[in-house]
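**Q** I am attaching a structure below and will ask some questions about it afterwards.
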Amino acid sequence: MKNWYVVTTKPKNEERAAVNLLAGNIEALAPKIKLRKYKEGKFVQVVEPMFPGYIFVKFHPVDEFRLVKYTRGIRAIVNFNGRIIPLQENLIQFIKNNLENGVATIQKKEFQKGEKIVIQEGPFKGFSGIFEKELDGRERVAILLDGVDYCARMEIDRALVVSS
């Protein structure tokens, strides 16, 4: 009986492994996810593997084991003490139900005024604050940072300094 198993792929070979398995009439699922990432000073949409280095493969553990194991792009079939453990069908169905053309999309989180937040990307990464409001323009919000104690030391030309 065919079951779903987790398979590790060679680095950045999730799609290649899935295509090669499908060419051998073995069902494979290499889900992707669309999300926003902060790159080079701005947010961009990217599509990347949902589980980097892993795909799901439906195969017969005896009849098709070698075919899966030696498919190009595959590193190994995930096992525990030499035993491969099948996944529950409803887990794979849940993932499939949340894909559109093989890609899942993360919905934009809606914040409430006064909600405590932590900045996860960009130059203020790690700072926490309180959500104030959304601003005009896409993807812009106002937050009040918690307790920012900042001290900078600068060296400038003495001629630029005046006494008050």
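Quick note: the coordinates plus some simple rules give every number you see, no bench work behind them. All values reported here derive from a predicted model rather than from experimental measurement. When we count neighbours, we look across all protein chains shown, and the Cβ atoms used for this are built from the backbone with ideal geometry, even at glycine.
**Q** Using R₀ = 45 Å, calculate the FRET efficiency as 1/(1 + (r/R₀)^6) where r is the Cβ-Cβ separation of residue 85 and residue 128; round to 0.05.
**A** Details: r = 40 Å, r/R0 = 0.89.
Result of the calculation: an efficiency of 0.65.
**Q** With N denoting the number of residues in the range 3-105, provide Rg(C-alpha) divided by 2.2 N^0.38 Å, to two decimal places.
**A** 1.15
**Q** Want the number for residue 16 to residue 39: 0.36 nm per residue separation, take away the alpha-carbon distance, what's left? Write down the numbers at each step before the final one.
**A** Values: separation 23, 0.36 × 23 = 8.28 nm, distance 2.59 nm.
Once the chain is fully extended between residue 16 and residue 39, it gains 5.7 nm.
**Q** What percent does the relative contact order of the range 1-110 come to when contacts are Cα pairs within less than 8 Å and at least six residues apart? Walk me through the intermediate numbers first.
**A** Details: 184 pairs, mean separation 43.4, N = 110.
Value for the range 1-110: 39 percent.
**Q** To continue, here is another question. Packing-wise, with mean Cβ within 10 Å as the measure, how do 19-28, 33-42 rank, highest first? Show your work: numbers first, answer last.
**A** Working: 19-28: 15.6, 33-42: 11.5.
Per-residue mean Cβ counts within 10 Å order the peptides as 19-28, 33-42.
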